[in-house]
Amino acid sequence: MRVAVVHGFGAPGGEDEAVLNQVAALTRAGHEVRLVPANGRGRGPLATLRAFGPDVVHVHNLFRAFGRAWVTEWTGPVVATLRHGPHRGSRLAALQFPWAARGGLRQDPLLRRADGLMVLSEASRDACARAGLPRERLDVVPDFVPTVAEPEAAAGRDGAGDAWVCVGRLAPERGVLELLRRWPAGQRLDVIGAGPLAARCRAAAPASVRLRGAVGRDELRRALPGYRGLVLPGREARRAVPLVYAEALAAGLPVLAFEGAGTSAVPRAVRSEGTGVVTTPDAYLPDALDVAAKVFPTLREHCRAVYAKRYGEAVWLERTERLYAGLSA
């Protein structure tokens, strides 16, 4: 099958990585894939698509400058992945859905035209349904990540590390600064990530915290199995789990998630999938860490099983190929 993947690169986080992973997975499965970057100033991809002749066009991020008028001229099957759900105050959501404020998501030309719609989580599906998209049109297909380590290799390191790890951009919405201000001095923590709050995070971090800065995805994935657990303190109401959540499960690493005022996919996933412990930002953090330290060693194999069932390459490929085949038929 010929697949054209249209994507606007440049969003923060792991979205570009997820799209490149998917292109590679489709290629490994024997499909002929053409990646069409959607960063031009108003230049649509019609000429490229017509020259390639895909069986299906899969659209990810589209920023405002790229436009959407071209989708009404394309006659073949179109799939759209909603990577930024309609959460209030999101700059990226406003860029991906510039028509959302005028009549809701149902008026977005891409979403009206798409033959198939993918969302990354049940939380995103709920949000899009509340915004006016028919729930039955929304297929939940989470992003996958490559396997971090073979289970046998990772198992030899289980429980060996006594440090926690927090991975994320050092920005206000990620909650890392607030976490460091409350972090107990006797607990070791590695913080992996960079961002505008880096200096303030360094000033707030106790001596037991090491700020490692940004590291490559391969280095991160190799390191994750050696930690005690992943701490995700995000304050924003995320509609999809971050890529590092799936990377942690692949490494057999349970998750300590923080449930804030908004509905977020991370604590919802941790609860429903049984992959860790959920606490609140105002809870006494040493107690939450003690609970996690007792429970997490028993969850590592379960986390790997959840990864294989929901976030592995094989399950993503099976769901995506089934949707493509149905539309092209």
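Tabulated data for the structure shown
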read-out: Number of the condition not met by LEU224 [criteria: (1) within 21 Å of the chain's Cα centre (by Cα); (2) open to solvent by 20 Å² or more (accessible area, probe 1.4 Å)]; value: (2)
read-out: From the options THR280, THR275, residue that is of a type in the set (S, T, N, Q) and either within 16 Å of the chain's Cα centre (by Cα) or within 27 Å of LEU20 (Cα to Cα) (or both); value: THR275
read-out: Cβ-Cβ under 6 Å pairs, at least 6 apart or on other chains, segment 114-135 side over 27 Å from ALA69 (Cβ atoms) and in contact (Cβ under 8 Å) with a residue 24 or more places away in the chain, far side charged (D, E, K, R) and open to solvent by 30 Å² or more (accessible area, probe 1.4 Å); value: ALA123/ARG239; ALA123/ARG268
read-out: Count - residues of segment 174-196 that are of a type outside the set (Gly, Ala, Ser) and either on the phi > 0 side of the Ramachandran plot or open to solvent by 20 Å² or more (accessible area, probe 1.4 Å) (or both); value: 8
read-out: Any hit, segment 56-66, residues being part of a helix (DSSP H, G or I), out of contact with any His (no Cβ under 6 Å at 6 or more places or on another chain), of a type outside the set (D, E, K, R) and at pLDDT below 90; value: yes
read-out: Residues within segment 75-115 that are within 22 Å of PHE9 (Cβ to Cβ), outside any helix (DSSP H, G or I) and modelled with pLDDT of 65 or more, tallied; value: 9
read-out: Any hit, segment 299-307, residues being farther than 25 Å from GLY234 by Cβ, out of contact with any His (no Cβ under 7 Å at 6 or more places or on another chain), modelled with pLDDT of 95 or more and part of a helix (DSSP H, G or I); value: yes
read-out: Yes/no for TYR227 being in contact with a Gly (Cβ under 8 Å, 6 or more places away or on another chain) and aromatic (Phe, Trp, Tyr); value: yes
read-out: Long-range neighbours under 9 Å by Cβ, at least six apart or interchain, first residue under 17 Å from TYR245 (Cβ atoms) and without any contact (Cβ under 8 Å) to a residue 40 or more places away in the chain within segment 290-313, second open to solvent by 70 Å² or more (accessible area, probe 1.4 Å) and of a type outside the set (A, V, I, L, M, F, W, C); value: ALA308/THR147
read-out: Residue match in segment 275-284 (condition: modelled with pLDDT of 95 or more and assigned to a helix (DSSP H, G or I)); value: no
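This table checks each residue for (1) at pLDDT below 75; (2) over 30 Å from ARG83 (Cβ atoms).
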position	(1), (2)
PRO142	no, no
VAL145	no, no
GLU152	yes, yes
ARG157	yes, yes
ALA163	no, yes
ALA171	no, no
GLY175	no, no
PRO184	no, yes
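The values are calculated or read from the model by the stated rules, or taken from the named source; none is laboratory data. Only a predicted model underlies this, so the values are computations on that prediction, with no experimental measurement involved. Note: ideal-geometry Cβ built from the backbone for every residue, glycine included; neighbour counts use all protein chains shown. For accessibility, only protein heavy atoms count, side chains too; no ligands or nucleic acids. Shrake-Rupley method; radii C 1.70, N 1.55, O 1.52, S 1.80 Å.
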